[in-house]
1. Can you pull out the residues in region 328-353 that are more than 12 Å from Leu28 (Cα to Cα) and touching a residue at least 24 places away in the same chain (Cβ under 8 Å)?
2. Are any of the residues in region 36-53 surrounded by fewer than 12 Cβ atoms within 10 Å (Cβ to Cβ), in the same structural domain as Arg5 (by TED's automatic domain parsing) and of a type outside the set (Val, Ile, Thr)?
3. Can you report the number of residues in region 321-341 which are out of contact with any strand residue (DSSP E or B) (no Cβ under 7 Å at 6 or more places or on another chain) and surrounded by fewer than 16 Cβ atoms within 10 Å (Cβ to Cβ)?
4. Would you confirm, using the coordinates I've provided, whether Thr301 is within 16 Å of ligand 2 (Cβ to nearest atom) and of a type in the set (Ser, Thr, Tyr)?
5. Among the residues of region 112-144, write down those that are charged (D, E, K, R) and either part of a helix (DSSP H, G or I) or buried (at least 20 other Cβ atoms within 10 Å of the Cβ) (or both).
6. What are the residues in region 2-43 that are among the charged types (D, E, K, R) and away from ligand 2 (no atom under 16 Å from the Cβ), if any?
7. All but one of (1) within 16 Å of ligand 1 (Cβ to nearest atom); (2) in contact with a strand residue (DSSP E or B) (Cβ under 8 Å, 6 or more places away or on another chain) hold for Glu357, so report the exception by its number.
8. Asn162 fails exactly one of the following numbered conditions: (1) in contact with a strand residue (DSSP E or B) (Cβ under 8 Å, 6 or more places away or on another chain); (2) in a helix (DSSP H, G or I); (3) of a type in the set (S, T, N, Q). What is the number of that condition?
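The values are calculated or read from the model by the stated rules, or taken from the named source; none is laboratory data. This is a predicted model, so every value here is computed, not measured. Cβ atoms come from the backbone with ideal geometry, glycine included; neighbour counts cover every protein chain shown. Side chains included, ligands, DNA and RNA excluded: accessible areas come from the protein's heavy atoms. Shrake-Rupley method; radii C 1.70, N 1.55, O 1.52, S 1.80 Å.
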Amino acid sequence: MVVRRIALKNFRSWQRSNFELGSGLTVLAGPNGAGKTNLLEAIYFGCTGRSCRTSTDRQVVRNGAEAAHVELVVEAADGEHRLSVGLQPGSAKLSQVDGAAVETLTASDLRPLVTVFLPDRLSLVSGAPAGRRAHIDQLVAALRPTRAPLRSEYSRALIQRNALLSNIRRGTSSSASLDAWDNELATIAEQLTEARDDAVAAVQTVAADVAEELGLLGALDISYRHSKAANRDQYIAELQEKRTADIERGFTIAGPHRDELRIKRDGRELKIAGSQGEKRIALLSLLLAERQVIGSARGSTPLLLLDDVMSELDAERRALLVRRISESGQCVVTATEFEHVPATDGTSVVRIPIGPESNSQRLKIA
Ligand SMILES: Nc1ncnc2c1ncn2[C@@H]1O[C@H](COP(=O)(O)OP(=O)(O)O)[C@@H](O)[C@H]1O
Ligand SMILES: [Mg+2]
């Protein structure tokens, strides 16, 4: 799947523009404030129907405009398709595939898988464990789509068990009714733990290799930590062991909702001990590793969006990064100078200057 063109209307700083992307590497270069990150965000928005920078959709609408609109032309095995998302604050978002309304783009087979790196969003490394759990579960879903429902199945069972715990505490249910929910929760917990284990194991070594290549000093170690239980029977035993405490608190203490993706450099957790630069390289390495293993598992490499990574790297690392991202799949990179993204042998690079004049390009497809 390749994103051929993007057309945007009233998206962030962009008024009306459209761009043709290369099928390999596309470089967007221009001065600070020119709208490069906004354009990457628009590509992500067009692929997923969501922003990669904010959970407040209305922020993407150009100041003073009523609605934002992004349309992508993607090329699949059977030819070209159009994905479009329209957002008018106060109304429901309108997503369409080939002109027909769809509930969400992410449910469509025609939307490209996408990996995005934004240097100012290090929350995956630095933030709360829940963000990292959500991230592993996305990786699980991308690697094996049949495993995608496990996350919501687990959380539904957990909510129901917690509701029951509250009722038991209040005396409106008996604790005997917990057994059925313990079994249910333990069954899904085993599957979810196994799925997360597999997903993290698949990226671990590749991520460490990429980090070394990109110049991270000290070994990158990404691991999945779960409670001492791993299979269904052990989860049941754990739930029973903690049952009294669970009833006292009114929620389930142990289980996959408490697991952690640990990101360490030389044995120390980056979220505690890492510099901004180290966190950035570690995150970039993890995302590049994920893209590579998803590409092998699915036979189609996700579109990669890289914002402003070149300024951090020396010339040798830049060349190594460009070589790696050019190996397969499509990639869009932003930089302040084209020279920051050196060409490698045999790869064709599409270079798009981004400046004040880009904002008035005639719209062909929206
Ligand atoms: N909703 C919006 N409406 C209009 N302008 C916006 C909106 N959101 C951000 N901007 C503007 O976009 C510009 C920054 O664009 P950005 O893509 O971050 O630039 P670059 O990545 O090239 O440095 C800023 O001038 C900012 O004010
Ligand atoms: Mg930027």
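1. As a first pass, look at region 328-353 and keep what is more than 12 Å from Leu28 (Cα to Cα): 328-330, 342-348.
Selection gives Ser328, Gly329, Gln330, Pro342, Thr344, Thr347, Ser348.
2. no
3. Residues flagged as out of contact with any strand residue (DSSP E or B) (no Cβ under 7 Å at 6 or more places or on another chain) and surrounded by fewer than 16 Cβ atoms within 10 Å (Cβ to Cβ) within region 321-341 amount to 4.
4. Working: within 16 Å of ligand 2 (Cβ to nearest atom): no; of a type in the set (Ser, Thr, Tyr): yes.
Against the criterion (within 16 Å of ligand 2 (Cβ to nearest atom) and of a type in the set (Ser, Thr, Tyr)), Thr301 does not qualify.
5. Initial filter on region 112-144 (charged (D, E, K, R)): 120-121, 132-133, 137, 144.
Across region 112-144, the qualifying residues are Arg132, Arg133, Asp137.
6. Going residue by residue through region 2-43, those that are among the charged types (D, E, K, R) are 4-5, 9, 12, 16, 20, 36, 41.
Within region 2-43, Arg4, Arg5, Lys9, Arg16, Glu20 qualify.
7. Here Glu357 meets the rest and fails (2).
8. Single failed check for Asn162: (1).
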